[in-house]
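Q: Structure provided below as structure tokens; questions to follow.
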Amino acid sequence: DAKMQQVVSDAMRRPRAEQCREALKNSASLLAMYVNRTNSAWAASRAASVAAPSLWGAPSQSEWAGSGDCQRWQQSLVSALHGGAIAVQLFALDDALQLPDGKSVDAWTCDPWDLAYYANPAQLRLRERLPGVPLGCRVLYNLVAAAAARAGRAAAQKLHVLLHLADDTVEQALLQLASFNYCGLLPSNIWVVVQRRRPAHSFMPSDRRFHMDASTARSCVGTGLAMMQLNWPGEALQLDDKGGLKLLPNTILENMEERGISWLLSQHGTDAGLLSADACFDPINVPFAMSAAKSGCAQAFTLAVLQMGLGNIHPLNGQPTRGSVVFRRTDGPPPRLAIDADSSLTTKALSTLSPVFELRGLEIHSGSAKATLAAGKLNDMEYAVGLDRYMFSTSYLRETLTSAEMFRPKLSSPNGHSLHVSLDAGDVLAAAPSPALCLQARATPRLLTCVDDYRDALVPLLVAQDAVKDFQVQVEKRVVVAPQPTGAMLLRPWLFRGQRDTAGAAGAESGAAARTQLLQRHGMIGGGGGGGGDEPGDSVGRGIPSESSRRVGTLHASSRRGENVTAEGGRLAEVAQGSGAAANVAAAPGSVSRGGGSPSDVRHVVVFVTSQSISAAAVDAAISIMKAGRDVLHLVTIVAGGHLEFGYQLLAPHANNAERAMVTTEQEVLCLSGEDTQLVATMDGFVRAIKADVVVLASQQLSAATLLNSAVLGSVTVACIKRFATPMLIVNATSAKTIPTSRSVQLKAMVLAQRAGATEMLRFLMQKVVQPLRGDALALATITAGGAAGGAAP
């Protein structure tokens, strides 16, 4: 009987398992459908305003190459290389390759000969080669050789390189760079920008929303975020003459302007074209772009090829792929031409071109985008397919990269149940103030996206590079950079946000452990103590709204540097109850203990929002004292039980305003129970629980005169002033008229030096509010009797 019951139980369990698998499959299909619709929404809306692109093709290039204009601008290219006016931007972010044995390797730091051997062991077994040179160093060697061939060895010493690396590969990449003596580049001409990998978003049934899930695979946000990092201060690391790293206090674009750099050539680090003879210094396309920019026609250019079909850019299994489709804008501004009698052929070529933009494979993988895709066909079968190769004027980037709103977030679901968010650099072309033009690429080696590409496209280029005598000599000079047990490693000068150098404290540990601890402390790599800093509520990136920002009474804050700053909902209940309040707190799924508290470089600003219109001024005031990407803005409102949706609707427009200013935002709705409604105690409990740095309150009636009047009764703002131990910023009806509503406006603050506590106020303003890089001003004031100013005490 027992055996029969087991057989029956197994038989009943098997259909149930099949039903679960079928339900999961249907859910994944439904999610994929909504993802495709979301990604294609913008493309579908442009069906009536796009057409087949007009690109500068091979016939026009051949005609222009034999003209005097071409020779004149080729000389301008040589002069630009001699003067150090050209920088090369290389994206080496999500370059992981899947090997046949299931292992994953990073293409930038891996020897390409090894990858080619994996693809075809029999063919490459007996081939002579130079082993041990990673792809990244080969690319940089070839850039230096191409610059030297174009303008001489002196020009190669003026070449600037901007590397975008992921947090888990930056250490190895920099050690390899030092081992090969920086590949012929001056260390001081190398910038490094690190992008942190973030986990995907998973659906939480408890609140029916997607939240960041630390258990999922991590990936970088993409090249779009890398472009925004060009215009953010404190994002770039620069190598000094000895190979150490120092943090640039200003933006990369400002540093480029100081060095006289006027052009940025942008490509993926795994673009096989970087190993060709010309690398990215094409003798036809680059001079033509310079001439077009001089004529005022365009300052941004994308390179494309003519291709039959789009099979290689459609997403595979939900994964985004490289490449894009180029379209002509029929509603964009026409190119502006400055007619020059000496440039008749250039003017003729430019007059045939029209503004273009790009759509990624994820954006055209839906039926709603079919009309748009059909409008972009050059003929029955050919499309203009972008290669992710761009040429930008730095002045163009300074005007364009002012807001993250230009980027179109793209969703991907590789496993069918979680979502990754990505941004692409090509989105800049569609949102630019001036038109962007499309040029046909003359060298078309493919992008290296799989192991087979290394066998087919890269082996001839590797053979040619290994045969160069100078390259062989440089490889022979390589040295081994080993970790130092004393902590004096390559990354020792890595100082962030004014914090002290902590490498010396790790001197007792092994060199590898010390470097890992240093990188973890600065949030550059994942590690212990909070799951590597990517808690479920961490925002996807600056200017990208956090999907987990709406939580009921949950203390949740995100940190760009990866510190653990999340508190459990129970902590708020404990603090609130200790203050005599009874807050109704619901803990969020996956919430983590706050642990060591907020890092010193992250400011948590709380704004209590009400239905009054002056709350908008309070949010603007908070934005004006915050630094985008570093600080976290908590928008909080308090409602009675059962009115949660009203609270979220109240916070939504203010959150949108903050996110447009690229400020990381968290929305919090606190519920008061029906038994105990101590409003001020609940507010104080929240402020204490998240250890806020500044609290911003708005008051329509309060003024300086009424504040000093002891007869003021029933004012929540006055009660908060008396109770809170946190610095407060009060916005009233008068000051609301003077608050700037733009992030570009500089902050001006004044402190009355005679008052008690002025020293603490000065210290607070200088350390946590005033931003010198933005041009903020801090004034000291004193009040004296009439005519006594000259004899006033200092």
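Q: Could you figure out which of (1) under 18 Å from Trp108 (Cβ atoms); (2) open to solvent by 20 Å² or more (accessible area, probe 1.4 Å) isn't true of Gly273?
A: All conditions pass for Gly273, except number (2).
Q: Count, please, the residues in segment 204-219 that happen to be under 20 Å from the mean Cα position of the chain (by Cα) and among the basic types (Lys, Arg).
A: So the count comes out to 1.
Q: Just give me the residues in segment 99-121 being in a loop (DSSP other than H, G, I, E, B) and either open to solvent by 20 Å² or more (accessible area, probe 1.4 Å) or in contact with a strand residue (DSSP E or B) (Cβ under 6 Å, 6 or more places away or on another chain) (or both), in sequence order.
A: Pass one, segment 99-121, residues in a loop (DSSP other than H, G, I, E, B): 99-103, 107-111, 120.
Pro100, Asp101, Gly102, Lys103, Ala107, Trp108, Cys110, Asn120 - these are the residues of segment 99-121 that are in a loop (DSSP other than H, G, I, E, B) and either open to solvent by 20 Å² or more (accessible area, probe 1.4 Å) or in contact with a strand residue (DSSP E or B) (Cβ under 6 Å, 6 or more places away or on another chain) (or both).
Q: For segment 618-637, how many residues are farther than 13 Å from Ala655 by Cα, in contact with a strand residue (DSSP E or B) (Cβ under 9 Å, 6 or more places away or on another chain) and open to solvent by 10 Å² or more (accessible area, probe 1.4 Å)?
A: Number of matching residues: 3.
Q: Let me spell it out: the conditions are (1) out of contact with any helix residue (DSSP H, G or I) (no Cβ under 8 Å at 6 or more places or on another chain); (2) open to solvent by 20 Å² or more (accessible area, probe 1.4 Å); (3) not in a helix (DSSP H, G or I), and Pro233 meets all of them except one. Which number is the exception?
A: All conditions are met except number (1).
Q: In segment 300-320, which residue that is at pLDDT 60 or above and in a loop (DSSP other than H, G, I, E, B) is most open to solvent (accessible area, probe 1.4 Å)?
A: Per the stated criteria, the residue is Asn312.
Q: Taking segment 638-670 as the region of interest, how many residues are over 23 Å from the mean Cα position of the chain (by Cα) and open to solvent by less than 10 Å² (accessible area, probe 1.4 Å)?
A: Selection size over segment 638-670: 5.
Q: Any idea how many residues of segment 712-739 are at pLDDT below 80 and either open to solvent by 40 Å² or more (accessible area, probe 1.4 Å) or touching a strand residue (DSSP E or B) at 6+ places or on another chain (Cβ under 6 Å) (or both)? Talk me through it step by step, then tell me what you get.
A: Residues of segment 712-739 at pLDDT below 80: 712-715, 733-739.
Next, only the ones that are either open to solvent by 40 Å² or more (accessible area, probe 1.4 Å) or touching a strand residue (DSSP E or B) at 6+ places or on another chain (Cβ under 6 Å) (or both) stay: 712-714, 734, 737-738.
Residues flagged as at pLDDT below 80 and either open to solvent by 40 Å² or more (accessible area, probe 1.4 Å) or touching a strand residue (DSSP E or B) at 6+ places or on another chain (Cβ under 6 Å) (or both) within segment 712-739 amount to 6.
Q: Quick check: is even one residue across segment 428-438 over 24 Å from the mean Cα position of the chain (by Cα) and modelled with pLDDT of 90 or more?
A: yes
Q: Right, here's the next one. Being buried (at least 21 other Cβ atoms within 10 Å of the Cβ) and closer than 22 Å to Trp232 by Cα is the filter here, so list the residues in segment 603-617 that pass it.
A: His604, Val605
Q: Also: I need the full set of residues from segment 83-114 which are more than 26 Å from Phe392 (Cβ to Cβ), under 29 Å from the mean Cα position of the chain (by Cα) and touching a residue at least 24 places away in the same chain (Cβ under 8 Å), in order please.
A: Those that are more than 26 Å from Phe392 (Cβ to Cβ), under 29 Å from the mean Cα position of the chain (by Cα) and touching a residue at least 24 places away in the same chain (Cβ under 8 Å): Leu97, Gln98, Leu99, Asp106, Thr109, Cys110, Asp111, Pro112.
The values are calculated or read from the model by the stated rules, or taken from the named source; none is laboratory data. Since the model is a prediction, treat every value here as computed from it, not as a measurement. Neighbour counts run over all protein chains shown; Cβ positions are idealised from the backbone, glycine included. Surface accessibility is based on the protein's heavy atoms, side chains included, excluding ligands, DNA and RNA. Shrake-Rupley method; radii C 1.70, N 1.55, O 1.52, S 1.80 Å.
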